[in-house]
Amino acid sequence: MDLPADRTGVLPCQYLERAIEARVIEAGRFTIPWANVQPASLDLRLGEVAYRIRCSFLPGRESVERRVKDYVIDELDLRKDGVVLETKRPYLIPLKERLSLPSTMRGKANPKSSTGRIDVFTRVITDESYRFDEIASGYDGPLYLEVVPLSFPVRVREDLSLNQLRLSVGSAVLSDDEVRAFHREQPLLYNASTLFDTGTPVADDKLAFGGGLFLGLDLHGDANGFVGHRARDNAPLLDVAKSAAAPVDPEAFWERVKHEEGDRVVLTPQRFYLLMSNEAVCIPPTLASEMTAYDPTSGELRTHYAGFFDPGFGFDPGGHSAGSRAALEVRAHDVPFMIEHGQRVCKLTFEHMLEAPARLYGQGIGSNYQGQLETLSKHFAR
């Protein structure tokens with residue numbers, strides 16, 4: 001792959017294409033579409049079958065193929081019209097792509113943003129692993145995807161992409177001090193543009209760190225006080241492949257959420273909310289970012305079900321960047337939980353790119369969420 005020996009970082013699209021040509025990433029008798037190569041990640045595809053399983057699991061010291069035999073309830077054919085996945089039931093789906101990583105290269109998987117926004121929980125499983133979504137350096141073997149629809153029953157089929165793969169060489173994570181210094185030179189967070197602020201960088205003394213850069217909630221909302229959406233109970237079937245091409249009316253799936261006095265919202269336990277970040281995010285070409293899991297010691301709250309931000313998100317190559325706000329997926333656990341405007345609920349971690357990608361997010365590659373003003377995914381008409 002002709003990797004530079006003196007640098008570490010996340011592989012950009014041009015190196016992911018080399019990895020495919022070198023069969024570091026391959027798909028057997030299937031061809032990997034070049035359109036699935038994103039600026040710093042690769043969209044992975046569902047294979048031909050899905051297994052309905054009675055429980056989630058990790059393989060430990062065994063292969064996934066061996067361990068899943070103990071848990072399979074049914075085998076489903078994903079070809080042609082696909083199958084319906086029921087809510088709150090786990091499914092295991094072999095992916096078409098498999099890896100043969102060099103000893104210096106590791107992988108990380110995450111749901112695509114569109115997957116997280118329809119409340120479909122996914123995580124990658126690899127052979128002989130004790131961790132989800134983490135792919136060990138030098139891994140040589142197949143990839144499997146655990147899929148659990150949480151709010152809506154969904155129809156999926158072969159070749160659908162629900163998650164993404166990011167490959168890295170070495171460790172290139174920026175420390176909090178490095179992120180702060182980077183922000184001073186090239187802003188990473190902007191005040192979301194309003195009547196009173198045209199999108200200025202967040203002041204250094206307003207940044208919050210703790211193993212990453214924190215984002216807050218926007219609960220001011222629009223002129224009518226609407227701040228986001230909440231998934232409806234007993235929603236109809238969502239055909240994920242069809243709705244990506246022909247978005248459906250969101251009314252049967254979502255209800256709008258309005259803040260109460262004081263710019264706050266009480267979350268109903270176990271209900272799924274889509275809200276917006278108070279700050280706008282800007283990922284320059286030299287960095288890749290991930291929204292990391294929320295620390296449960298900060299409250300009875302779960303945020304973030306999808307996490308990669310590719311280089312170019314919220315970035316303007318012409319030098320007029322003001323960022324793009326992030327959609328935040330939020331669920332309270334066991335008790336009603338109050339959230340307030342500006343409350344910090346998730347954080348971004350940053351890694352250096354091995355080199356700047358040949359294509360940036362949003363630059364004519366079909367990116368769906370550049371400059372987004374709406375929380376709903378591409379599957380719903382806006």
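The values are calculated or read from the model by the stated rules, or taken from the named source; none is laboratory data. On a predicted model such as this, the values are computed, not experimentally measured, just so you know. All Cβ positions, even for glycine, are placed from backbone atoms using ideal geometry, and neighbour counts span all protein chains on display. To get the accessible areas, we keep the full protein, side chains included, count just its heavy atoms, and leave off ligands, DNA and RNA. Shrake-Rupley method; radii C 1.70, N 1.55, O 1.52, S 1.80 Å.
Observations on the structure shown:
- Helical runs assigned H by DSSP (4 residues or longer) give the chain a calculated mean residue ellipticity at 222 nm of -2500 deg cm²/dmol, each run adding -39500 (n - 2.57) before division by the residue total.
- Where trypsin sites (Lys or Arg not before Pro) fall in DSSP loop in region 82-143, at most 11 other Cβ within 10 Å: Lys88
- Exposed-loop-free span, longest in the chain, where chymotrypsin sites (Phe, Trp or Tyr not before Pro) count as exposed if DSSP calls them loop and at most 10 other C-beta atoms lie within 10 Å: 197-382
- When the chain is treated as a Gaussian network with alpha carbon springs shorter than 10 Å, the biggest mean-square fluctuation among Asp140, Asp176, Asp70 belongs to Asp70.
- Here's the picture: charge each Lys and Arg Cβ at +1 and each Asp and Glu Cβ at -1 in region 129-193, and of Phe132, Pro149, Val169 the one pushed furthest to the positive end of that dipole is Pro149.
- Neighbour cut-off at most 14 other Cβ (10 Å), DSSP loop, trypsin sites (Lys or Arg not before Pro), region 1-85: Arg7, Arg23, Arg29, Arg54, Arg61, Lys69, Arg79, Lys80
- Overall, the accessible surface of region 40-181 at a probe of 1.4 angstrom is composed of carbon and sulfur to the extent of 43 percent.
- Region 204-285: GluC sites (Glu not before Pro) in DSSP loop, at most 14 other beta carbons within 10 Å: Glu261
- Springs between Cα atoms under 10 Å define the GNM used for the chain, and in it the highest mean-square fluctuation of Thr87, Thr126, Thr115 occurs at Thr87.
- Of Asp119, Asp218, Asp81, the residue with the greatest mean-square motion in the GNM of the chain, using alpha carbon springs below 10 Å, is Asp81.
- Taking Cα centre as origin and charging only the Cβ of basic (Lys, Arg, +1) and acidic (Asp, Glu, -1) residues, the dipole magnitude of region 214-256 rounds to 80 debye.
- Heavy-atom accessible surface of region 70-146, averaged per residue, reaches 43 Å², computed with a 1.4 Å probe.
- Estimated vicinal HN-Hα couplings, Hz - region 101-115 in sequence order (Karplus 6.51, -1.76, 1.60; Gly, Pro = x): 7, x, 5, 8, 10, 10, x, 9, 10, 8, x, 5, 4, 5, 6
- Net length available on complete extension from Lys206 to Phe226 is 4.6 nm, with 0.36 nm assigned per residue and the Cα-Cα distance removed.
- Pairs of Lys residues in the chain are counted when their Cα atoms are under 17 angstrom apart and they lie 8 or more places apart or on different chains; the count is 8.
- Cα pair distances exceeding 18 angstrom across region 9-58, given as percent: 42 percent
- Amide H within-cut-off set for Arg232, under 5 Å, with H built and near neighbours excluded: Trp254, Glu255
- Label-point separation, Arg23 to Val173 (7 Å along Cα→Cβ), nm: 3.4 nm
- Histogram of C-alpha separations across region 48-150, 10 Å bin width, %: 15, 47, 32, 6, 0
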